[in-house]
1. Anything in segment 45-60 that is touching a residue at least 24 places away in the same chain (Cβ under 8 Å) and closer than 19 Å to Gln22 by Cβ? List them, or say none.
2. Sort through Thr73, Thr36, Thr106, Thr97 and tell me the only one that's out of contact with any helix residue (DSSP H, G or I) (no Cβ under 9 Å at 6 or more places or on another chain) and under 24 Å from Leu23 (Cα atoms).
3. So, of the residues in segment 1-48 that are aliphatic (A, V, I, L, M) and either touching a Lys or Arg at 6+ places or on another chain (Cβ under 9 Å) or not in a helix (DSSP H, G or I) (or both), which turns out to be modelled with the lowest pLDDT?
Amino acid sequence: MNIQRTLLTLAACLLFGFAHAQLKHLKSADDTKALTLKAVVYFKDAKIPELINILKPYWPLPQEEMDGMEEKTIDLLNLIEERYGKYQSYVKVKEETIIETGIRETYLVKYEFHALRLEFTYYKNNSGWILNGFSWDDKYAEEFK
């Protein structure tokens, strides 16, 4: 029983290590900004599979979570125009940095009656920059704080 458990643990570790071994790194802060801007354009165009595909190589998130985020985002964006009106524009709200450690960029995707907030957080490790988080919501008013 202990040998089976050890083999299963070893196999899981190898699979986890293999998945993260393929993680790509962005070389510079400018590269993070370019990736963010490309992602915002895909989001505003409701091209969510394309959005997830460009983020995936730099984001050490389990595939199931990415798939779930993709499905939920597609479902919710189908309601956006109905509730918030037609797409108008997007604007970068702010960029925050922690020297040589982190970057967070916040954008608003503006619709006729409301805006959605998109946040991208990057972390710099010894190999370069990786995406540490991506989220979106309709709580743009929190940006007034």
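1. Leu55, Pro57, Tyr58, Trp59, Pro60
2. Details: Thr73 fails: out of contact with any helix residue (DSSP H, G or I) (no Cβ under 9 Å at 6 or more places or on another chain); Thr106 fails: out of contact with any helix residue (DSSP H, G or I) (no Cβ under 9 Å at 6 or more places or on another chain); Thr97 fails: out of contact with any helix residue (DSSP H, G or I) (no Cβ under 9 Å at 6 or more places or on another chain).
Just one listed residue meets the conditions, Thr36.
3. Met1
The values are calculated or read from the model by the stated rules, or taken from the named source; none is laboratory data. Note that the structure is predicted; figures quoted are calculated from it, not measured. Cβ: placed from backbone, ideal geometry, glycine included. Neighbour counts: every protein chain shown.
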